[in-house]
Amino acid sequence: MTTVAPLQNFGENVTIRPTAYYEPKDEAEVVEILNRHRGEQIRAVGRLHSWSTAPGGEGVVLSLKHLQDVTLHQRDGTEWATIAAGCQVKTILQKLKEQGKTLPSLGLITEQTIAGAISTGTHGSGRNSLSHYVRAVRVARYDPASGIAMIETIESGTALQAARCSLGCLGIILSVDMQVRYTYAVEEHFREYDSVEPVLQAEAEYPLQQFYLSPWRWKFLVQHRREVSKRRSRLAWLYRIHWFLSVDLGLHLLILTTLRLRRSNRVIRFLFRRVIPHTVPRNLKVTDDSSKMLIMEHELFRHMEMELFVPRDQLPAALEYVQQVLIVAGSATSDIPDLNLDAPSVERLTALRGLYGHHYPICVRRVCVDDTLISMSSGGEQDWYAISLISYAKPRDRQGFLQAMDFLATTMKRKFGARPHWGKYCPLSAEELIELYPRFGAFREICEMRDPTGVFRNNWIRTLIPPT
Ligand SMILES: Cc1cc2nc3c(=O)[nH]c(=O)nc-3n(C[C@H](O)[C@H](O)[C@H](O)COP(=O)(O)OP(=O)(O)OC[C@H]3O[C@@H](n4cnc5c(N)ncnc54)[C@H](O)[C@@H]3O)c2cc1C
């Protein structure tokens with residue numbers, strides 16, 4: 001056990017105060033810790049890159065950062081890797097690349113651990129979330145009959161669907177078996193569109209694309225992407241340097257500096273309308289390795305994010321709604337548009353006027369339907385679209401952002417069935433969240449069967465699945 005100091009997440013919006021904190025060296029030590037703390041609340045953290053209160057809890061906390069092995073397997077023409085829980089995505093990519101392999105899907109960053117990433121349904125664009133590709137999960141938990149710690153490998157049926165995205169409720173994940181594939185190249189180029197319909201049509205040609213609704217310009221900047229069997233572009237290295245300097249550093253420093261100005265709202269609008277769109281090279285096609293193309297250094301500057309998932313047929317209306325709400329929030333004198341809301345919601349919207357100036361591109365990513373019980377893109381007949389809303393305000397200045405996000409999350413849940421990302425700001429109540437997942441009952445049953453007293457649930461998760 002190391003000293004029990006508070007742990008803080010990336011966004012500095014969640015502090016965890018464990019009663020005991022461990023960094024076990026191997027699986028046997030995890031089992032030993034579980035036996036030592038029988039009956040106490042016990043949970044794991046990854047790299048604390050979630051903004052929700054999913055990581056850790058109020059009792060014993062474990063970090064599996066020393067569990068780092070990655071082993072490749074091959075049987076009956078399929079390949080998969082057994083990845084130890086504490087391994088970060090960037091390390092996995094590096095180890096797989098040495099053998100010509102990569103992960104089937106990637107988020108925007110690679111800092112997360114594999115256990116943390118699958119536990120909240122981490123996703124990228126144009127494929128399923130990482131959870132979908134999980135073949136087996138090895139967990140340490142208690143035997144409900146004897147109360148003694150044991151290890152279980154969950155590899156089939158509804159239990160596997162639950163374990164693929166489980167918010168840490170099924171026990172301490174020790175390793176994950178994940179599908180892998182050959183490394184591949186991605187070609188990308190940017191184009192701007194006035195409306196969302198042609199952007200969605202372009203998916204047939206560019207299945208991996210993601211796009212940004214530019215605030216205050218209200219146009220769609222699309223990162224058209226597709227897998228290609230081409231070589232890396234000769235000047236791909238230069239493109240990477242340009243991207244790093246102009247977007248990863250430049251755009252973020254510009255936004256951060258502007259937010260410190262007295263008339264920041266005006267300047268932000270000017271920048272998004274007149275300056276930022278012209279810094280992106282249009283129609284320049286570049287090809288590079290997927291593990292370079294699909295990610296960015298989004299973790300360089302502290303920020304906070306909420307992400308809402310809507311089904312494809314709801315996307316155009318949902319984006320129009322987000323735009324209208326952000327316009328209202330952006331000015332104390334804005335008119336209140338008719339958004340077909342009930343009277344209390346109109347009152348809440350009116351109260352938002354002038355409270356929050358949105359200042360970051362609204363990223364939209366397509367996520368295919370997952371074979372899981374509760375990842376955000378689970379279930380349904382249509383692809384899901386994740387709409388991301390980010391604030392770079394300092395933690396003490398986030399009140400306006402949070403109020404606007406609370407309004408968007410509650411009203412978009414009712415209007416569009418929007419599901420908040422489990423690992424991002426998640427302001428809905430337990431009842432609202434449960435309503436969004438038709439298979440939540442099956443998930444609860446699996447959790448109750450394996451952990452009837454709820455020792456692997458923190459206070460937030462206990463509102464979703466109360467201990468029996
Ligand atoms: C800058 C930034 C960019 C991001 N980009 C994306 C993105 O592109 N797409 C996306 O979907 N998400 C994204 N996220 C969110 C992030 O992927 C998720 O929140 C992810 O869960 C974080 O992983 P982590 O290792 O930090 O886990 P933590 O945040 O520490 O934990 C997440 C969950 O996993 C559980 N957990 C962790 N380890 C174990 C274990 N060994 N056993 C059991 N449970 C465990 C925790 O209890 C918790 O419930 C981003 C976050 C940041 C900060």
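The values are calculated or read from the model by the stated rules, or taken from the named source; none is laboratory data. Keep in mind that what you see is a predicted model, and the values were worked out from it rather than measured. Positions of Cβ are backbone-derived with ideal geometry, glycine not excepted, and every protein chain shown enters the neighbour counts. The protein model used for the area step is the full one, side chains on, heavy atoms only, and it has no ligands, DNA or RNA in it. Shrake-Rupley method; radii C 1.70, N 1.55, O 1.52, S 1.80 Å.
Data overview
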read-out	value
Solvent-accessible area per residue, Å², over region 68-183 with all protein chains present [probe radius 1.4 Å]	34
With Cα atoms, 0 to 90° folded angle of helix 440-450 axis to the chain main axis	30
Cα centroid of region 87-103 to Cα centroid of region 1-51, whole Å	26
For region 7-60, diffusion coefficient by Stokes-Einstein and Kirkwood Rh (Cα), 10 °C, 1.306 mPa s, µm²/s	134
Diffusion constant of region 265-340 at 4 °C, which comes from Stokes-Einstein with the Kirkwood Cα-pair radius and 1.567 mPa s, µm²/s	78
Tail beyond 13 Å, pair distance distribution of region 136-186 (Cα, percent)	62
Area projected by the alpha carbon convex hull of region 1-150, averaged over all directions, nm²	10.2
Hz values of 3J(HN,Hα) by residue in region 421-437 - Karplus curve (6.51, -1.76, 1.60), Gly and Pro given as x	4, 5, x, 10, 4, 9, x, 6, 6, 4, 4, 5, 5, 4, 4, 6, 10
Computed over region 124-243: relative contact order in percent, which uses C-alpha pairs under 8 Å that are six or more apart	24
Region 185-434, relative contact order in percent, only Cα pairs under 8 angstrom and at least six apart counted	22
For region 7-60, accessible area per residue (1.4 Å probe, heavy atoms of protein chains only), Å²	42
Ranked by how many other beta carbons lie within 10 Å on average, peptides 429-435, 292-298 from highest	292-298, 429-435
The chain: relative contact order as a whole-number percent, Cα under 8 Å and 6+ apart	18
Under Karplus coefficients 6.51, -1.76 and 1.60, residue-wise ³J(HN,Hα) of region 119-126 in Hz, glycine/proline x	5, 10, x, 4, 9, x, 10, x
Percent carbon-and-sulfur accessible area, region 260-387, ignoring ligands, DNA and RNA, probe 1.4 Å	49
Rule-of-thumb Rg ratio for region 203-318 [Cα; 2.2 N^0.38 Å; N residues]	1.20
Extension gain, Arg353 back to Gln324 (0.36 nm per residue minus Cα-Cα distance, nm)	9.3 nm
Relative compactness, region 68-183, computed as alpha-carbon Rg over 2.2 N^0.38 Å	1.04
R0 of 35 Å, Cβ-Cβ distance Asp26-Lys292: FRET efficiency to nearest 0.05	0.60
Under the Debye formula (equal points on every Cα, no solvent term), log10 I(q)/I(0) of region 185-434 at q = 0.07, 0.11, 0.15 Å⁻¹	-0.24, -0.61, -1.16
Size of the chain as Cα extents on the principal axes (Å, biggest first)	65, 56, 44
Percent accessible area from carbon and sulfur atoms, region 11-104, protein chains only, probe 1.4 Å	43
